[in-house]
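Each remark here refers to the structure printed beneath this line.
The values are calculated or read from the model by the stated rules, or taken from the named source; none is laboratory data. Because the structure is a prediction, the values reported are computed rather than measured. Every residue, glycine among them, receives a Cβ derived from its backbone with ideal geometry; neighbour counts consider all protein chains shown.
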Amino acid sequence: MSWIHRQTWHRHRYRKRARTISDQAMESYLREDVPCGFPMCDVCSPTIPHLPRTANHLVIPDCAILETYLEVFQLPELQGVIYVTSVVKQVAARGAFRKGNKIRELYQDARRQCVLFDDTHCVWTAGEPRDFSSSSNLQLMRAAEYYFQHLGRNIPVILLSDDSSSQQVQLGRAAVRRKSPHAAATQTDIPTDSAQHSAVYDGMGDEELDSLLTGGSTDDFDIEALQQSSVVRDTLKSAISQGVQALTSAQYFAQFWGHVPVVTDLYESVQQSKQAGAREESPGKDLKGYRAHWSTPTVDQGLKSGTVFQGTLHMSKHTSQEATVRMGSQGSSLLGQILVKGRAFLNRAIDGDTVAVTLLPQTEWQAIPTDTAQDEDIEESDSDEPGSAQAENRDHEGAIDTPMPSSPGAKSSSGVNKAADVLEHQLVLSDADSKAAQRQGDRQQVTSNKRQKLMPVGEVVSIIHRSSQDMVVSITDEDTKALQSRQLTTRSEAVICVPTDRRLPRVRVRSSQLEQLLGKRFVVRCTGWEQTSMYPSAHVVRVLGRVNDLRAETDAVLVSAGVHWQPFSDLALAELPQVATAQDWSLPEHEVTNRRDLRGSEYFTCSIDPPGCTDVDDALSARQLPNSQIEVGVHIADVSYFVKKAGFLNGEAYARGTTVYLQDRRLDMLPSLLSEHLCSLRAGVDRCAVSVLWTLNADLSVGSIWFGRSVIRSRYQLTYQQAQDLLDGKSPMTDPRDMAVDPRDHAELRSRLQMLDKLTNKLRAARVQNGALELEGGELSFEAGSDGRPKKVEGKTPLPMMAVVAEMMIFANAAVAHRIAAAFPGAALLRRHAPPRPEGFEQVRGLCEAAGVTLNVSSNRALATSLEAACSASPQAASLIKSLATRAMSEAEYCSTGDIRPGRGGMSHFGLALEEYTHFTSPIRRYADIVVHRQLLHAVQSDADQAMQLSLQGSESARAKLVMSHAELASAAEVMNERHRASKRAQKECSDLYLLLLLHSEPHIEAAVVYGVRPTSLLVFVPKFHMKGTVHLTDRAGLVRLPLTAPGQNTDDPFAASDRRQFRLETGDNCASIVNVASGQVTFKAEPMDKVWVELAASGSTAHGPTLRIRLVSAHHPAVQAVSQAVQAASEADYAQRAQRAESVPGGQPTAEASGDQQARWGVIGRERADTTGQFSQ
């Protein structure tokens, strides 16, 4: 229905400088069919989302309530909230864009059963168009009265406001227009009488009016705004209604939510934080402390002129006194980074804030350290380190998980670009020889030289956007002792809390329930940082548990990584097949007839997974065809059959983005009925699948390929070890958890596995020839005790069969990527991996040069050749070289083909050497794969019978409903990338936590490789744990730390300290030596590429958790001798195993290609969830 009323309003604005009044005409188009969103309403059309069917009340909050208590409204318990358009616009007009986005998420999430009501265009509630930056509850009064009358005066409607005028009287009838529906059926114009504005001055004295017209402020003002408050008061006084109530926040939460602790606790925490902030804003204080932030107009002017720089602030992981500001896409290069040092210059900025920065004089700029790498990998919370994922979360793209990129800065504007140009110009001028160089036309060379020498230093002058991240904190030891020394009271008190993340500042939390926070880890959210306060203010969001409790610590990891997980909603669960147990479900016959039947014995389909795997995404098949051809198949769980695009379950999966695998649990993307049963390709049951079948010629070239929906019945659910044993001609080892293999099927299984092995060897060789990188990652496996705490750690042992499965997944992903890119050239979901930046390989380049190899990063083939040569020249450092190269890679990302632009690799995948690549093989645990399934199936259906489809659906637009548009896909890709990063961060931090807990209880002695020498320390790499760290060679007093020679040795006692004074440390020429002062004998010497022994331990910390400590160990230490003997025995056993495997191949020799060593070079960590092994963080 079209609009039925057009209102015309006049806005009169007084211009102080011109001393004139301007008249601005405004129009508003009104409708009577704006839906109310209540599902039981007989008048309005149904909507999704909708209000609760059994709501005992409805609530309409005003702007101030939403801005102050938004965290409370984000709780899933709060339902039946009506967000009116006028309030949402008012929040946005105040510049609270992030809060506006969060409000949008609330009313768009159908699970919350809240709605957005367009009161500004509803004929029964619309008022005068106004400046939404001002505050008025007049519009809300109309909306509240309308809802009460519209729903038959049966459901109480609450107007929620802390405004003083709303507290004076119960809200009554709010001047709702009483129009006849018949009279409203014609379009009319409704002008307002501008003469009424003279009434605004009737109650004002001459002095007051003169003050407004000639006051010191130069701001113009709306004349209508002067009469707004009197209109509101008159409306309130004349309003009489028993159903609509005006309540303050305190009254509402006490009356309606007092029985729900999670709501009342969070409300009280926010309220106390608000009151504490108000007390700190005393204007009579001596304003000493931080400098005042610049105003928004001043910052905007500076951005345009190039004197102010905008970017995202990233705190150092080693000190809270230093940070870098990275400007947009240039943040990865020196040109896009500004150093900020000291609390005064940080000026209340927090990690993740978008800030405005000015440069200090060039004399304050600082030299850039030659080694900018982090010393201790295990503290790098944002590093996407290889092998950090839990066993079940594997990607089969090969071998590499790359470092996590920093949070992107604000998008570049013309001002930001101009600022970058100015910064580049200043970098050039800071060189004493720059003028001469510029005269010679060599400005670029000078700029490059200075980027390597000096880093601009700046000062934060404004915080453009505050980071909305949650902090995990605990009360400081000092405040804990103070609280424990006296009797706690119920009055509100403030304490200082320290975050677990060292990059974040201490915060002040005020609460009346401090006894519930003592000794606990809890989540807080910052509410502000006053200019005169040493700490930011924060309020408590929720309590995680006791400090050092394993569950609480892992929950803290999830919060720090940005992973938010809640149980599946009832609406989503209602879309699941309604069966009592998974065994009660069966595939409908009509669905079987619409699919290709691959259940026959000739297919012999099997899955290959880690032990105990329950969410089986993929299965493989291979068979010999009569005409000497071979058919191989990859069969993937058909999740899109159960998860419909427009359903609530799809919304849940999209919000989660991926399954998160931790050491102690798994946070599923889909309910267990699907992930572990109906979608999982378990053996012996019929399952829906989406299959890719290749028909191969005798030379293994592809003859044809088929995509489509199928129904399969897996014969066996093999483990990697079982499949490897069968391939090697041995009887498979069977664990009680594993499925037994019938001896009569051994020969058949081995034959088919050999087909796959032969094919994947050829596929891998072709990719390597094209430049695919064979890098390395690490995976740790923990054995837990009865209390759940780690008792033992081992590196995952790769098997050749893992590479077979990995290569088949890559084969399928590439084939599907080519298919959907051809079908949807402007809106296909691909996985892109851009070429790395050369400057990221400085450490790798140094190691390669030490091995006598020149590193070439001009292409993936050149890089692969260089790395292989360096690893061959220095085998003991091969793991280090490949691990560092992994970290230097750029991050793979999801993208829409409509976003592809020339340069930076286009659509190709640099690491895999493939022109097109996507994620297709893990839809149970990744939402991206579900999207790709839908695109593939739509493309196949279009090809199969496009003419029939168009005739049935009527038009081309009907087809578009099945495929996401480019805009939708690009937006979804950003969300999927963010969820993927958060998942990787959580998995790595959880693995790090378990390792540190183990090292805290039981130190380990391991072999390490030196990769850098500093004045008082060594940079080492521990291959077993794929961990970098720093070995300090001196203590704080400057005394040499001698290598440990015996277990439990105490080097800090006075007698040991006396002995250490006889030694001195000498460093230089990339070499470190410990020398006996008296004799001049060198007792220890190390340089890059040397092997050393280290003790790994962890020191406890209530605030930050365990922290890694590394000590040098003598080669004569008893533990070193024991480890060396164990390594020797393992090497001999490995050689014997390779020899046995080689005997099964005619003319075979026990080479590295037949062993786990080859797999280490492939970088196959071990596939725990079906899809490419995490290479390049895909």
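Worth a mention:
- Qualifying positions in segment 729-780 - crowded, with 20+ Cβ neighbours inside 10 Å, acidic (D, E) and touching a helix residue (DSSP H, G or I) at 6+ places or on another chain (Cβ under 6 Å): E774, E776
- Segment 1062-1076 - residue that is within 19 Å of K1091 (Cα to Cα) and outside any strand (DSSP E or B) and, of those, modelled with the lowest pLDDT: D1069
- Lone qualifier among D738, D742 - being in contact with a Pro (Cβ under 7 Å, 6 or more places away or on another chain) and not assigned by TED's automatic domain parsing to the domain that holds V857: D738
- A806 aliphatic (A, V, I, L, M), under 30 Å from G729 (Cβ atoms), touching a Lys or Arg at 6+ places or on another chain (Cβ under 8 Å) and buried (at least 24 other Cβ atoms within 10 Å of the Cβ): yes
- Options F1021, F1084: the member that is surrounded by 15 or more Cβ atoms within 10 Å (Cβ to Cβ), within 24 Å of Q876 (Cβ to Cβ) and touching a helix residue (DSSP H, G or I) at 6+ places or on another chain (Cβ under 8 Å): F1021
Residues are listed down the side, and each one gets a yes or a no for (1) closer than 24 Å to C871 by Cα; (2) surrounded by fewer than 16 Cβ atoms within 10 Å (Cβ to Cβ):
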position: T1030; (1), (2): yes, no
position: D1035; (1), (2): no, yes
position: R1060; (1), (2): no, no
position: M1089; (1), (2): yes, no
position: A1098; (1), (2): no, no
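- Scanning segment 860-908 for residues that are among the hydroxyl-bearing types (S, T, Y) and either part of a helix (DSSP H, G or I) or over 30 Å from D1090 (Cα atoms) (or both) yields T865, S866, S872, S879, S883, T886, Y894, S896, T897, S908.
- Search result, residues across segment 847-861 that are touching a residue at least 40 places away in the same chain (Cβ under 8 Å) and either in contact with a Leu (Cβ under 9 Å, 6 or more places away or on another chain) or basic (K, R) (or both): L847, N860, R861
- Residue in segment 93-103 that is buried (at least 21 other Cβ atoms within 10 Å of the Cβ) and at pLDDT 85 or above present: yes
- Of all the criteria given as (1) exposed (fewer than 13 other Cβ atoms within 10 Å of the Cβ); (2) small (G, A, S); (3) at positive phi, the one not satisfied by G657 is (1).
- Of residues in segment 564-609 being of a type in the set (V, I, T) and either modelled with pLDDT under 90 or farther than 29 Å from Q987 by Cα (or both), the one surrounded by the most Cβ atoms within 10 Å (Cβ to Cβ): T605
- Checking E916 against (1) among the charged types (D, E, K, R); (2) surrounded by 21 or more Cβ atoms within 10 Å (Cβ to Cβ); (3) under 22 Å from the mean Cα position of the chain (by Cα), the condition it does not meet: (3)
- Members of segment 865-881 found to be surrounded by 22 or more Cβ atoms within 10 Å (Cβ to Cβ) and among the hydrophobic types (A, V, I, L, M, F, W, C), listed by number: L867, A870, C871, A877, A878, L880, I881
- P790 free of Cβ contacts under 8 Å to residues at least 40 places away in the same chain, farther than 30 Å from S908 by Cα and surrounded by 15 or more Cβ atoms within 10 Å (Cβ to Cβ): no
- A search for C-beta distances below 6 Å between a residue of segment 308-335 that is not assigned by TED's automatic domain parsing to the domain that holds A888 and assigned to a strand (DSSP E or B) and any residue that is of a type in the set (A, V, I, L, M) and modelled with pLDDT under 75, counting only pairs 6+ apart in sequence or on different chains, returns F309/A419; Q310/A410; Q310/V416.
- Filter pass, F568 being part of a loop (DSSP other than H, G, I, E, B) and on the phi > 0 side of the Ramachandran plot: no
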